[in-house]
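The values are calculated or read from the model by the stated rules, or taken from the named source; none is laboratory data. Predicted, not measured: the structure shown is a model, and the values here were computed from it. Neighbour counts run over all protein chains shown; Cβ positions are idealised from the backbone, glycine included.
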Amino acid sequence: MKNYIFSDTNPLREDLIKEKTKDIFEIATKIFLSHQIKRGKNDMQTYEYIINEIGLKPEEILFIDDHEKNIVLAQKAGINGILYENSKKLRQDLDRLL
């Protein structure tokens, strides 16, 4: 399974985020940072761009985010989405989905 990261961040916070989530960043196949790709999570075209970059069908992608509005946009692009609320619920949602 390939893992991708898509983060709305800016250059000033990039190092901090990478350090705090080092283990996650280390296993990522590719990282999409909004300030680098010049697109944010609130833009529908961003999800189409990422689908294209990853090279998978939208329905083969799972997007996990802690903001419902981002999940809704991803789902409009055909991507499966899980709203992150806490680690226990995420595990339940993943078990149910997979």
Q | Enumeration of residues in region 44-76 that are in contact (Cβ under 8 Å) with a residue 40 or more places away in the chain and surrounded by fewer than 12 Cβ atoms within 10 Å (Cβ to Cβ) | A | none
Q. If you go through region 72-93 one residue at a time, how many are assigned to a helix (DSSP H, G or I) and either within 11 Å of the chain's Cα centre (by Cα) or of a type in the set (A, V, I, L, M) (or both)?
A. 4
Q: Pairs only if they're at least six apart or on different chains, beta carbon under 9 angstrom, first in region 1-23 and closer than 18 Å to Leu94 by Cβ, second among the charged types (D, E, K, R) and loosely packed, with under 13 Cβ neighbours inside 10 Å; list them, first residue then second.
A: Lys2/Lys30; Asn3/Lys30; Tyr4/Lys30; Tyr4/Glu53; Ile5/Lys30
Q) Is region 5-22 home to any residue that is touching a helix residue (DSSP H, G or I) at 6+ places or on another chain (Cβ under 8 Å), modelled with pLDDT of 90 or more and surrounded by fewer than 16 Cβ atoms within 10 Å (Cβ to Cβ)? A) no
Q. Restricted to region 25-43, and to residues that are in a helix (DSSP H, G or I) and surrounded by 14 or more Cβ atoms within 10 Å (Cβ to Cβ), which residue is modelled with the lowest pLDDT?
A. Phe25
Q: State all residues of region 44-58 that are assigned to a helix (DSSP H, G or I) and either in contact with a strand residue (DSSP E or B) (Cβ under 7 Å, 6 or more places away or on another chain) or more than 25 Å from Lys89 (Cβ to Cβ) (or both); if no residue qualifies, say none.
A: Met44, Gln45, Thr46, Glu48, Tyr49, Ile50, Ile51, Asn52, Glu53, Ile54
